[in-house]
Amino acid sequence: RQLELDMRETLRTGGFELHFQPLFSLAQQRIKGFEALMRWNHPVRGPVSPAEFIPLAEETGMIVPLGEWALMEACHQAASWPQAVSVAVNISPRQFASPALGQAVVRALAASGLPPARLELEITESIFIGNVERTVAMLHSLRALGVRVALDDFGTGYSSLSYLRSFPFDKLKIDQSFVRDLGRDASAQAIVRAIATLAGALGMETLAEGVEIQTHADVLRAEGCDMIQGYLISRPVPADAVPGLLGEVT
Ligand code: G
Ligand code: G
Ligand code: MN
Ligand code: NA
């Protein structure tokens, strides 16, 4: 497949880029971190969405080297930021299943000098369909390195509330489908409230994704959600725009 060959070549020549989207604390009204999101500007096709090339990279196994690149690049970028905020990196199911993940995290932290507490790994609910004991052990070993683990797209996949008891997450990221329906559908607000209450009881932070308007931010705050992410705060931006978002003049 041509796109696959192009991906390999782009990785080899350093053509992938990370953009960064702020993670905003509602209580403190400030940016506490950024999610790293991969971008690929294809020489012929123009920008290719990660929604297209990440699944292809998963199929072909390219996600392992590509994911290692993203971890390394995100840690290096974050280590250069003017404030000690965190960086969140998406880890795909196949990467999570790879025994190489722990080593890749260790290498990225060591090479960049980023303190482990400033790195957060975002994992999706699809990890729950694998071997539960292995998954729990992997989560514990990652947290033992001092990094934080977030459950991404919460509420869309295989989530069962019982999983939250056995899987040690630091943060739940509430999927944007619930946010979109706030104010339109009373059940969306009830679901957000229930998730925030449950997460609080389990000692997990909550972040709502895809927040585009202020009224949604207000509702989320009232319902006990800790953080938001979305176009209301900022779209994902290139690395050189991060200091500006942190309020630093460059
Ligand atoms: O940035 P957004 O445009 O369109 O991202 C689309 C999807 O691609 C999201 O589900 C996001 O989690 C995923 N994605 C973006 N960057 C990465 C990455 O570095 N690694 C993995 N595994 N997924 C990513
Ligand atoms: O799957 P994951 O949550 O990692 O992917 C985040 C995706 O959500 C990215 O594609 C990102 O570009 C997108 N995104 C971020 N903020 C918003 C928003 O406010 N509205 C919409 N529609 N998409 C958003
Ligand atoms: Mn994510
Ligand atoms: Na998400």
Using the alpha carbon gyration tensor of the chain, what are the three equivalent-ellipsoid semi-axes (square root of 5 times each eigenvalue), largest first, in whole Å? 27, 22, 19
Rounded to the nearest 0.05, what FRET efficiency do residue 132 and residue 45 give with R0 = 41 Å and r taken as the Cβ-Cβ distance? Could you check? 0.55
Taking every pair of distinct Cα atoms and averaging 1/r, then inverting, what Kirkwood hydrodynamic radius in Å comes out for region 182-232? 10.9 Å
Between the DSSP loop rule and a limit of at most 12 other Cβ atoms within 10 Å, which trypsin sites (Lys or Arg not before Pro) in region 1-93 are left? 1, 45
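Give me the extension gain from residue 187 to residue 32: residue separation times 0.36 nm, minus the current Cα-Cα distance, reported in nm with one decimal.
52.9 nm
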Report, to the nearest 10°, how far helix 186-201 tilts away from the longest principal axis of the Cα atoms in the chain, using its own Cα long axis and a range of 0 to 90°. 80 degrees
On C-alpha positions alone, give me the angle between the axis of helix 132-144 and the longest principal axis of the chain, in degrees, nearest 10. 80 degrees
Run through region 106-214 and list the chymotrypsin sites (Phe, Trp or Tyr not before Pro) located in a DSSP loop whose Cβ has at most 12 other Cβ atoms within 10 Å. 158
Taking loop as defined by DSSP and a crowding limit of 15 other beta carbons within 10 Å, which GluC sites (Glu not before Pro) in region 187-250 fit? 212, 248
Binning every alpha carbon pair distance of region 129-219 at 5 Å from zero, what are the percents per bin? 3, 13, 23, 24, 17, 10, 7, 4, 1
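Here, each number is a calculation from the coordinates, and none is a lab measurement. Everything numeric in this text was worked out from a predicted model, so none of it was measured. Glycine also receives a Cβ, built like all others from the backbone with ideal geometry; neighbour counts cover every protein chain displayed.
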